[in-house]
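The structure appears right after this line, and notes come after that.
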Amino acid sequence: MPAAKPMSSSVAPKAGPPRSCLTARKVALIFCAVAVAAVALGVGLGLGLRRAFPTLSLPKLQPPVVAATPSGFKTVRRLARALQAASSLQTVKDRLFSPGPTDFTARIAKVDERLAEFATRSAEFQRKCVSATPLAWTPAGLPGSVSFPMAFQCKEALSGPGDLTLYFGVGADNFAYVAELQTALSSGVPRMAVLAKAPLDGSAVEVIQVMDNSATSGPTSTTWLYISANKTTVTMEVSVAATAAGVGVGCGVRLRAANSLVWAAGEFTDPFAPNACTGTTTSVCATGSTLVAQGTTACTASAAPTSTFTSSVTPALTAAAINSTATWAVADGIIRATGFPAVENFNTRA
């Protein structure tokens, strides 16, 4: 019996899209896939490029100072402790380690805030100065014959009171260098400069701070403050002298904190207010935690005497030594950036 023939369907098969449409769809899908991949790749490349160009990385300046500052200088003043503390060191604490115009710790913290802002902004685009060759600058004629060579790559003028300008960079010696210059007098804002250098690991810092209470009054208006601090060895050295009243220890004081002790030597008075400097110096040794006076042998007779100064950045300064037109001219020149290298503006694109 012959096999039955299959019944023909009464419904016509659905027509597929023309071949040209299939091809177009495939191309569209391929294009979309490529586009998605390109976007993903672009994001990846963007992140890669952001990391590829040099960005600013500077150590903080304040931590070594805080780490090396004796706890007796950090504590809030209480009557009992103030009565126990050596009066000369209490003066140092009140003038140099308490809120006021000569509170260098707070001022260094402000410099750190500005540098942190620069570091964040340096990632926004490739900046020409960040990869530029550092240019050397060394202030001449510093009181105490201090040598303080520096190197800068960038600068930026900041808005606000004081006409503030910052120079900064990293030298070939792997030290970071910062100069903050405040050139205009305004209410409560002195003319001043902060010069600082620190190794990139942030273990230490050296600072020169000079204030000039008037742009025209000459040598009777300046204050010089030198600081060396190391958080690894937990040591700090400070030298200060002034020809203006109000510093408290302006006639000239040198201080070293080490081995849980504080040694200070100098004339613990202000020049011209109320008495002129006499040139007679005294010394005091005290505990770092309470500033209570000890016998001087506690600071001088140990295997590592606290009274021995090790930093060339903290010489013995006196008001008499800085009371000259030449020294005032040095301060004025630094504040005005006289002789500073012509480095690129921080906002110049590479």
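Here the mean projected area of the convex hull built on the C-alpha positions of region 101-165 is 6.2 nm². Each peptide in 190-201, 280-291 receives the mean, over its residues, of other Cβ atoms within 10 Å, and ordering these scores from highest gives 190-201, 280-291. Given H placed 1.01 Å from N in the peptide plane, which residues other than close sequence neighbours of ALA151 have an amide H under 5 Å from its amide H? Under 5 Å from the amide H of ALA151: TRP137. A simple spin-label model places pseudo-atoms 7 Å from Cα toward Cβ; at THR338 and LEU158 they are separated by 2.5 nm.
Applying 1/(1 + (r/R0)^6) with R0 = 41 Å to the Cβ-Cβ distance of ALA326 and PHE125 gives a FRET efficiency near 0.40. Please tell me which of these pairs span more than 30 angstrom C-alpha to C-alpha: LYS74/LYS128; LYS128/LYS231; LYS110/LYS231; LYS93/LYS197? Over 30 Å Cα-Cα: LYS74/LYS128; LYS128/LYS231. A straight chain from SER289 to THR232 at 0.36 nm per residue would run longer than the Cα-Cα distance by 18.7 nm. With the charge dipole of region 62-345 set up from +1 on Lys and Arg Cβ and -1 on Asp and Glu Cβ about the Cα centre, the Cα lying farthest toward the positive end among the listed residues ASN213, SER228, CYS285 is that of CYS285.
Packing order of peptides 109-116, 329-336, highest average first: 329-336, 109-116 (average count of other Cβ atoms within 10 Å over each peptide's residues).
No lab work stands behind these numbers, since they all come straight from the coordinates. Treat the numbers as computed from the prediction; the structure is a model and nothing was measured. For neighbour counting, all protein chains shown are included, and Cβ atoms are generated from backbone atoms with ideal geometry for every residue, glycine included.
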